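The values are calculated or read from the model by the stated rules, or taken from the named source; none is laboratory data. Everything numeric here is computed off the predicted structure, so don't read it as measured data. Because the Cβ atoms are built from the backbone with ideal geometry, glycine has one as well, and the counts that use them run over all protein chains shown.
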Amino acid sequence: MGAYMPVGTNRAYAYLGQEEFTFANWAKAVRSGNTFVTSGPLLFLEADGRSPGQEINLSAGGGTIEVHASAKSFVPFHRLEVVLNGRIVASRDAASGTREMTLTEKIEAPGPGWLAARCSSQLGPVTSWEFMVQAHTSPVYLTAPGQELFSQDAVAYMLALIEGTQIFAENLAIRLDRERLAATRKVLSEARDALHRRLHEHNIPH
């Protein structure tokens with residue numbers, strides 16, 4: 001990073017709670033999924049008291065969920081949204097811009113999926129990398145008995161990312177030791193196999 005990049009921009013944040021700020025605790029927080037990515041704003045989400053990375057168990061017919069989102073930003077932003085499976089289900093606007101906004105609303109969730117919050121600004125890029133002012137949380141996951149949310153397009157996208165990561169690891173990344181390279185290969189292989197199994201389960205040729 002350099003002086004051209006505002007402090008806190010182009011970052012992913014993980015919530016450690018009362019844990020000591022160590023790499024091990026940070027990695028554990030990332031694995032728990034209570035994270036958000038941002039070009040500046042701080043963004044938080046709760047759904048029925050659950051944080052990103054946690055699950056809400058719905059009945060077979062779905063249910064009503066109370067969501068609470070909040071954002072703070074040094075640079076004014078104009079919109080705060082809650083999305084369900086990628087679709088906006090709640091939003092709040094500030095026509096002239098604001099540095100702080102909250103949103104609380106009850107939404108209907110018909111079945112399994114995910115909930116996330118995001119915020120954005122109408123202002124132009126804030127860095128020479130042309131980052132817009134925006135942030136997005138990781139999801140709160142929704143489960144329902146006997147139901148599954150599956151997207152063939154999402155699986156294809158993830159397979160492409162895995163392939164790109166493997167090419168980087170094999171050809172460009174610095175190899176510190178054989179064990180770590182083997183561990184990386186194992187993670188990528190297991191992820192690819194898991195996605196292929198999902199495609200087979202849904203009888204999707206690939």
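Out of all the residues in the range 5-38, which are among the hydroxyl-bearing types (Ser, Thr, Tyr), in contact (Cβ under 8 Å) with a residue 24 or more places away in the chain and over 30 Å from Lys106 (Cβ atoms)?
Keep residues of the range 5-38 that are among the hydroxyl-bearing types (Ser, Thr, Tyr), which gives 9, 13, 15, 22, 32, 35, 38.
Of the ones still in play, those that are also in contact (Cβ under 8 Å) with a residue 24 or more places away in the chain are 9, 13, 15, 35, 38.
Across the range 5-38, the qualifying residue is only Thr9.
Taking strands (runs of 3 or more DSSP E) that fall entirely within the range 53-130, which contain at least 3 residues that are free of Cβ contacts under 8 Å to residues at least 40 places away in the same chain and of a type in the set (A, V, I, L, M, F, W, C)?
63-84, 87-109
State the number of residues belonging to the range 19-32 that are more than 26 Å from Phe74 (Cβ to Cβ) and either surrounded by fewer than 11 Cβ atoms within 10 Å (Cβ to Cβ) or of a type outside the set (D, E, K, R) (or both).
Within the range 19-32, residues that are more than 26 Å from Phe74 (Cβ to Cβ) and either surrounded by fewer than 11 Cβ atoms within 10 Å (Cβ to Cβ) or of a type outside the set (D, E, K, R) (or both) number 7.
Can you tell me which of (1) surrounded by 10 or more Cβ atoms within 10 Å (Cβ to Cβ); (2) at pLDDT 90 or above; (3) outside any helix (DSSP H, G or I) is the one Thr184 doesn't meet?
All conditions are met except number (3).
Residues of the range 98-122 being modelled with pLDDT under 95 and touching a Pro at 6+ places or on another chain (Cβ under 7 Å), which ones?
Matches in the range 98-122: Ser121 only.
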